[in-house]
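K.L.:
Let me give you the structure first, and then I'll get to my questions.
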């Protein structure tokens, strides 16, 4: 069942990306397919439950993927010409893939013991998530990545089986998509390659060397989807592809859907993506010839994302409901109990002279 679910969801994601991103190359569409497929699985599992969603997702993926495929074939939906592939890009992608495989087999994820009880609960149909030792306490944090793994995990299997396959695929797809973002904006292919290399291997933050070794915990899914969302953001803002002759509501709806579901994975980055889009909007307005179309696309994308984030569950939904209706609105809590579920943390940053 799990293998068939993955295949049909990837099929749906490929044709949905192709229908909504007509200016993308087939290679870009293929690279983005695992990222959209992960989002679809999280969305359906969150709405129907990690066990109950499987037959629904299977049927919906076949139907939606078939409709998108028929649309593309019937309308002669042509994608952009493929870009030449350089050996340096292939070497970079191979290094990303091999390093993630090596790192997660060599060093066990330090957060593994925190996530595994929740993942095991999802395979048993325990949803919304509850504290594994105090089941009366509902977990109100970002649970999207664990929900994804729990949905893909066969009952009784080791969660690491899914983790060790999921992380390399997400890293490879996001590295490929990052190259697709940088290549059209670089003076030559070496510059675009080095931009991607520095993002994955050239960052020094504590013990991190870049995106390549952030596959532990939630991070593997978090940053892969950030790159996919940045790709969609540039498309909505008319900064990635040449401006199309007509509006593309499919792109707006797809972008709003992916961004709205993303808050289940990491709510802080959800806010940062909205902030990034607002900062880039003036630049996009300055460059575009179709101001009303661009503003309409941004409005539809933002409205759909915020609407989903406000009602689907997760931290943003809890925040909205608690502000609008008080603590009793937070799922699984009564008055006075919300404070018991919160963890207070004080952070200070000092900069040397």
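K.L.:
If the viscosity is 0.890 mPa s and the temperature 25 °C, what translational diffusion coefficient in µm²/s does Stokes-Einstein give for the range 205-253 when Rh comes from Kirkwood over Cα pairs? Don't jump to the answer; show the numbers that get you there.
P.N.:
Working: Rh = 12.9 Å.
Value of D from the Cα-based Kirkwood radius: 190 µm²/s.
K.L.:
Average projected area of the Cα convex hull of the range 85-325, in nm²?
P.N.:
Details: hull surface 61.7 nm².
So the Cα hull casts an average projection of 15.4 nm².
K.L.:
Using only the alpha carbon atoms of the range 235-279, find the Kirkwood hydrodynamic radius as the inverse mean reciprocal pair distance, in angstroms to one decimal.
P.N.:
Averaging 1/r across every pair of different Cα atoms and inverting gives 11.7 Å.
K.L.:
Gap in Å between the Cα centre of the range 140-190 and the Cα centre of the range 282-317?
P.N.:
24 Å
K.L.:
Sticking with this one: Residue 289 label point, 7 Å along Cα→Cβ, cut-off 11 Å on backbone N: hits in the range 208-247?
P.N.:
Those under the cut-off are 243-245.
K.L.:
Return the inverse of the average 1/r over all pairs of distinct C-alpha atoms in the range 92-160, which is the Kirkwood hydrodynamic radius, in Å to one decimal.
P.N.:
After inverting the pairwise mean of 1/r, the radius is 13.4 Å.
K.L.:
Just need the Rg to Rh number for the range 1-147, please, alpha carbons only, Kirkwood Rh.
P.N.:
1.06
K.L.:
Relative to the longest principal axis of the C-alpha atoms of the chain, give the angle of the C-alpha long axis of helix 87-106, reported between 0 and 90° and rounded to the nearest 10°.
P.N.:
10 degrees
K.L.:
Now a separate question. How do 178-186, 135-143 rank on mean C-beta neighbours within 10 Å, highest first? Don't skip to the end; give the middle numbers.
P.N.:
On the way: 178-186: 18.6, 135-143: 17.0.
Highest mean packing first, the order is 178-186, 135-143.
K.L.:
Given all pairs of different Cα atoms, what value in angstroms does the Kirkwood hydrodynamic radius of the range 1-86 take?
P.N.:
13.4 Å
K.L.:
Also: Obtain the nm distance between the two label points defined at residue 85 and residue 208 by a simple spin-label model: each point lies 7 Å from its Cα along the Cα-to-C-beta direction.
P.N.:
Inter-label distance under the simple model: 3.0 nm.
K.L.:
Follow-up. Taking only the C-alpha atoms, wrap a convex hull around the range 168-239 and report its volume per residue in Å³ as a whole number. It would help to have the intermediate numbers written out before the result.
P.N.:
Numbers: hull volume 6.2 nm³, N = 72.
Once divided by residue count, the hull of the range 168-239 is 86 Å³.
K.L.:
Starting from the alpha-carbon convex hull of the range 121-256, give the projected area averaged over all orientations, in nm².
P.N.:
For the Cα atoms of the range 121-256, the hull's average projected area reads 11.3 nm².
K.L.:
Arranged by the count of other C-beta atoms within 10 angstrom, fewest first, what order do 286, 54, 350 take?
P.N.:
Fewest-to-most ranking of 286, 54, 350: 350, 286, 54.
Any read-out appearing in this document is the output of simple, stated calculations on the displayed coordinates, not a laboratory observation. Values in this document were obtained by computation on a predicted structure and should not be read as measured data. Because the Cβ atoms are built from the backbone with ideal geometry, glycine has one as well, and the counts that use them run over all protein chains shown.
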